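I have placed the structure first, in the form of structure tokens, so that the comments after it can refer back to it.
We did not get these values from a lab; they are worked out from the coordinates using the rules stated. This structure is a prediction, so every number in the text was calculated from the model and none was measured. We place every Cβ from the backbone using ideal geometry, glycine too, and count neighbours over all the protein chains shown.
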Amino acid sequence: MAADMREDSMFGRLGHLVVHNPWKVIAAWVLAAVAIVAFAPSLSDVETQDQANFLPSSYESVKAQQLAEQAFGKTEDATATIVVKRADGKALTEADQSKVGNLAQRLESAQIDRVTGVVTGPQAVSPNKQVQLVTVGLTGNPDDQRLHDAVKRIRDVSGSTLAGTGLAEEVTGDVAMSLDNQDAFDTALKVVSIATIALIIGLLLFIYRSPVAALLPLLVVTVVSMISPGLIALVAQAFDLQVDQSLQIILTIVLYGVGTDYILFLLFRYRERLRAGEPSKQALVSAVRRVGEVIASAAGAIVIAFLALLLAVFGFFTSLGPALAIAVAVMAAAAVTLVPAVVSLIGTKVFWPSKSWQRTPKGSAFQRLGRFTGRRPGVVALISGGVMVALALGALGMKTDFDQTAQLPSDTESAQGFKDLQSGFPAGALNPTTVYVRSDNGQRLDPTAVERFADGLKQVPGVGSIMASATGAEAELSKDGTVAKIDLLLSDSPYSNKALDVAGDSLRDAAHAQAPDGTTAYVGGASSIFADIRDANSRDLMVIFPVAAVLTAVILALLLRALVAPVYLMLAVVMGFFSTLGATVLAFQGIGDRPGLSFLLPTILYLFVVAIGTDYNILMIARLREEARRGNDPRTAADNAVQHGGPSVGSAGLILAGTFASMLLGGISFLVEMGFAVSIGIAISAFVMSMFLVPSLTALLGHRAWWPGHGDRARGAVATTEREAVTATAR
């Protein structure tokens with residue numbers, strides 16, 4: 001009778017359906033995977049590396065770009081910059097410059113596809129004679145594979161031409177960086193994927209002593225990985241979204257990490273029901289019934305947190321949010337259908353060859369931790385909360401970094417070329433900041449007034465020099481004479497915070513104030529774009545954070561039918577975010593020598609810590625409520641919750657933290673920061689917050705934690721049956 005009552009719920013019915021029809025469920029998933037692979041587009045079809053594509057048209061840098069296209073023609077032209085220096089570090093001689101001229105002629109005659117012209121000369125020699133530049137014009141977008149092939153050919157020709165001349169060269173510029181960036185991300189994806197799989201298998205073997213249990217997540221994630229990217233690409237095409245190239249790596253980590261978490265939740269509860277004496281299939285149905293609501297609520301919290309990114313104005317987030325939400329939703333569906341179907345077929349052999357599923361261990365660490373938490377909840381709350389507060393103090397020193405060149409591994413040719421370029425030219429020479437002046441009444445501009453305007457811009461602090469136009473003038477006029485453009489070389493790297501301050505603040509203020517009468521000025525270029533991205537990012541942080549927190553709290557309130565518990569659970573999660581951010585600041589800005597953390601990191605970190613941290617909170621608070629419903633007092637409930645829920649939270653946290661830690665091997669600055677930060681955040685969420693802080697606070701609050709629904713009340717016959725099951729388990 002009690003068993004029937006327990007199964008008479010949505011997840012109880014789902015568990016019964018799946019467990020007793022496993023082949024149908026597996027066939028449905030396989031057919032879905034085959035259909036998606038066969039007919040859906042791929043992520044590469046909606047992928048971009050250009051951050052400007054993620055900004056809305058209301059920002060000045062985008063307006064400048066639009067004006068440039070209208071006045072000077074819509075082009076997708078790009079450049080490759082060859083930086084030539086003497087191998088011995090001495091100044092370039094006239095003979096050396098002649099050799100560089102020969103290189104330009106050789107490139108012109110090589111008839112490389114997509115190359116439109118090669119320019120060098122005395123004007124391309126740095127004032128200190130340390131480097132000479134060769135500018136290669138290219139037709140196409142920097143993301144175009146044909147331009148990547150052209151850069152490879154340019155590197156081959158340059159290397160062979162200058163071999164044995166005593167000169168050294170590196171090819172840099174937007175296309176070369178795009179090529180090296182793509183190669184770095186491709187390498188990172190392979191390394192991270194291999195490391196993630198090896199780590200998951202190793203940890204699951206350690207936890208279950210079973211190769212079957214270790215391989216189960218790989219099987220399930222493989223199926224989900226065939227479905228999710230296609231669905232994401234379909235949604236991206238339907239809503240005209242573009243995704244960043246880092247999505248594939250993040251998606252791999254999320255699917256393996258979250259998927260393994262959900263599978264662990266299910267297998268731990270399945271093993272517990274087996275130990276309580278239930279037959280295999282009934283134990284599996286019970287596991288789905290008990291854990292299904294937890295998985296659905298946890299996935300719901302992640303999905304809602306990710307969908308809060310739709311409120312962002314920066315397109316990177318508006319595309320990342322739905323993409324990860326789709327992946328997590330598919331993974332959650334697989335966890336409560338595909339996984340039970342597979343386990344239903346193999347039964348207890350999922351734990352083979354280990355026999356530990358047949359007996360409850362005595363005197364385990366989690367039993368001792370549970371007893372201590374139940375007896376001294378105040379001490380546990382003080383210690384765990386104190387650790388989080390201490391780490392959070394580090395967040396006060398956080399700085400943001402927008403330098404895209406620093407993201408690349410330092411040993412790439414484009415990164416080294418940019419470094420050498422700075423030895424002779426202003427760092428801004430790699431990517432000029434362009435000021436556009438437009439006539440408001442459609443009349444031709446006065447060239448003299450425009451020249452005076454350009455001279456005034458040179459006086460703005462942070463502007464290194466003006467790059468002359470093809471005619472030698474400081475400003476280039478459009479064909480109809482109504483628009484002029486002035487290319488400025490900033491003193492600092494175009495992606496540095498100093499350059500962003502100049503392009504986004506002082507230079508804009510000067511350009512707007514000094515523009516000739518009857519004209520309007522716009523500041524464009526990479527530095528201006530990233531200055532606008534910085535503003536958009538700051539705005540998004542202020543909007544997304546509270547919305548995601550409130551929506552996640554609503555999920556918790558609906559799950560628990562309470563208002564008090566969701567409040568301190570969310571406060572704990574928010575504190576977890578700041579403690580994680582503080583630890584990351586200490587690691588990279590304190591111990592390390594980074595100028596700041598990637599501007600993308602706080603938002604991504606917040607969402608992962610809020611969403612995944614809430615996962616563990618949901619699992620633990622659901623167990624606390626379950627123990628209370630069995631008739632246990634608050635301290636005993638905390639004891640039992642840590643004893644029985646601790647292993648699954650600890651194991652899941654260890655595996656998920658390990659999967660994100662594998663990103664440390666990627667060799668890309670942003671991925672290294674993200675891997676460290678998220679893995680630390682998950683460790684704090686699992687081993688400090690969920691395992692100690694939440695149970696101790698719940699024990700201290702007691703019955704008040706469940707106000708006003710009081711979902712901790714014992715449930716009659718079911719509670720009696722549960723107490724009997726626990727007693728049987730402990731024997």
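In this Cβ point-charge picture (+1 for Lys and Arg, -1 for Asp and Glu), the chain has a dipole of about 4380 debye about its Cα centre. Ordered by the count of other Cβ atoms within 10 Å of each Cβ, fewest first, 538, 384 give 538, 384.
In whole Å, how far is the Cα centre of region 282-297 from that of region 93-107? Between the Cα centres of region 282-297 and region 93-107 lies a distance of 72 Å. What residues from region 642-675 fall in the zone where the backbone N is under 17 Å from a label point 7 Å along the Cα-to-C-beta line of residue 375? Counting backbone N atoms under 17 Å from the label point, the list is 642-643. Just going by the charge dipole of the chain, with Lys and Arg at +1 and Asp and Glu at -1 on Cβ, which of 133, 537, 308 is farthest out on the positive end? Comparing the listed Cα positions along the dipole, 308 ranks first. Please name which of 674, 350, 338 has its Cα lying farthest along the dipole of the chain towards the positive end, using unit charges on Cβ (Lys, Arg +1; Asp, Glu -1) and the Cα centre as origin. Farthest towards the positive pole: 350.
Scoring 647-654, 65-72, 526-533 by mean Cβ neighbours within 10 Å over their residues and listing the highest first yields 526-533, 647-654, 65-72. Toward the positive end of the charge dipole of region 432-524, with +1 on the Cβ of Lys and Arg and -1 on the Cβ of Asp and Glu, the farthest Cα among 510, 471, 450 is that of 471.
Which peptide among 111-118, 551-558, 300-307 comes first, and what is the full order, when sorted by highest mean count of other Cβ atoms within 10 Å? Intermediate results must be reported in sequence, preceding the final value.
On the way: 111-118: 15.5, 551-558: 19.1, 300-307: 24.0.
The peptides rank, most packed first, as 300-307, 551-558, 111-118.
Order 194-201, 25-32 from most to least packed using the mean count of other Cβ atoms within 10 Å. Walk me through the numbers before you get to the answer.
Numbers: 194-201: 17.9, 25-32: 15.6.
Ranking the peptides 194-201, 25-32 by packing returns 194-201, 25-32.
Screening the chain for whole DSSP H helices of 27 Å or more along their axis (Cα) with average Kyte-Doolittle hydropathy at least 0.5 returns 174-208, 211-238, 247-275, 280-307, 315-336, 526-560, 564-585, 601-629.
Grab the other residues whose beta carbon is less than 12 angstrom from that of residue 371, score K and R as +1, D and E as -1, and report the net.
Summing Lys/Arg as +1 and Asp/Glu as -1 gives +3.
Each listed q (0.07, 0.08, 0.11 Å⁻¹) maps to a log10 I(q)/I(0) for the chain from the Debye sum over equal C-alpha point scatterers, namely -0.57, -0.71, -1.11.
Per-residue Cβ neighbour counts within 10 Å put 706, 23 in the sequence 23, 706, beginning with the fewest.
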